[in-house]
Amino acid sequence: MHFTSVRRKHRVPSVIIVSLIDVLLVVLIFLVVTTTFKKTEPMLKLALPESKQAKPGGVEANPFVIYIATNAPYFYLGERPVTMDRLEADLKAAVKKDPHLKVLIKADKRSPIGEAIKILDLAKEANAGSINFVTEKIAKQ
């Protein structure tokens, strides 16, 4: 028997970078597809009033949406609470840019009616193109 060690040349270990790039690209695509995008609705949860006559509204490019909550601060633009003075300034600036501006008022059904009337008067004073209250249609049982 012949027991001699045969010496082989050892290759230097190497990493195949192309396959790593492929894996990283797949992970990147997965993250982009599964990411939740920011919603346009604010974090403010409103229980909108119900109406039997509610009709779906048209899709407006950039309506001026005012949210009215049940407790102070009552007024919100997006997720940002605003004062009545700030709301008036923002509304007048928006009407100045677009005289046919559509104002949408989303008021909680438990919010004070007086606050909604203040917003209605403010929008009329600013000469907004149209003023609408947003409601939900009553579900048929």
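The values are calculated or read from the model by the stated rules, or taken from the named source; none is laboratory data. It should be emphasised that the depicted structure is a prediction, and the values quoted were computed from it without experimental measurement. Glycine also receives a Cβ, built like all others from the backbone with ideal geometry; neighbour counts cover every protein chain displayed.
If we keep just the residues of segment 48-81 that are more than 23 Å from His100 (Cα to Cα) and of a type in the set (A, V, I, L, M, F, W, C), which is surrounded by the fewest Cβ atoms within 10 Å (Cβ to Cβ)? Give the steps one after another, and end with the answer.
Our first condition is that a residue be more than 23 Å from His100 (Cα to Cα); within segment 48-81, this holds for 48-53, 69-74, 79-81.
Going one step further and asking which of them are of a type in the set (A, V, I, L, M, F, W, C), we end up with 48, 69, 72.
Details: Leu48: 14, Ala69: 20, Ala72: 9.
Per the stated criteria, the residue is Ala72.
Out of segment 109-121, which residues are out of contact with any Phe, Trp or Tyr (no Cβ under 8 Å at 6 or more places or on another chain) and either surrounded by 19 or more Cβ atoms within 10 Å (Cβ to Cβ) or of a type outside the set (A, V, I, L, M, F, W, C) (or both)?
Of the residues in segment 109-121, the ones out of contact with any Phe, Trp or Tyr (no Cβ under 8 Å at 6 or more places or on another chain) are 109-110, 113-114, 117-118, 120-121.
Passing the criteria: Lys109, Arg110, Gly114, Lys118, Asp121.
I'd like the full set of residues that are exposed (fewer than 10 other Cβ atoms within 10 Å of the Cβ) and modelled with pLDDT of 75 or more, limited to segment 28-42.
Our first condition is that a residue be exposed (fewer than 10 other Cβ atoms within 10 Å of the Cβ); within segment 28-42, this holds for 31-40.
If the condition is that a residue be exposed (fewer than 10 other Cβ atoms within 10 Å of the Cβ) and modelled with pLDDT of 75 or more, then Leu31, Val32, Val33, Thr34, Thr35 are the ones that fit.
Quick check on segment 118-132. Is at least one of its residues within 21 Å of Gln53 (Cβ to Cβ), assigned to a loop (DSSP other than H, G, I, E, B) and touching a residue at least 60 places away in the same chain (Cβ under 8 Å)?
Within segment 118-132 (the criterion being within 21 Å of Gln53 (Cβ to Cβ), assigned to a loop (DSSP other than H, G, I, E, B) and touching a residue at least 60 places away in the same chain (Cβ under 8 Å)), the answer is no, since none of the residues qualifies.
Residues checked against (1) of a type in the set (Gly, Ala, Ser); (2) modelled with pLDDT under 90; (3) within 13 Å of Ala123 (Cβ to Cβ):
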| site | (1), (2), (3) |
| --- | --- |
| Ala61 | yes, yes, no |
| Val65 | no, no, yes |
| Tyr76 | no, no, no |
| Pro81 | no, no, no |
| Arg86 | no, no, no |
| Ala89 | yes, no, no |
| Lys92 | no, no, yes |
| Leu101 | no, no, yes |
| Asp108 | no, no, no |
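Only one of these conditions is not met by Ser111: (1) in a loop (DSSP other than H, G, I, E, B); (2) more than 23 Å from the chain's Cα centre (by Cα); (3) not acidic (Asp, Glu). Which number is it?
(2)
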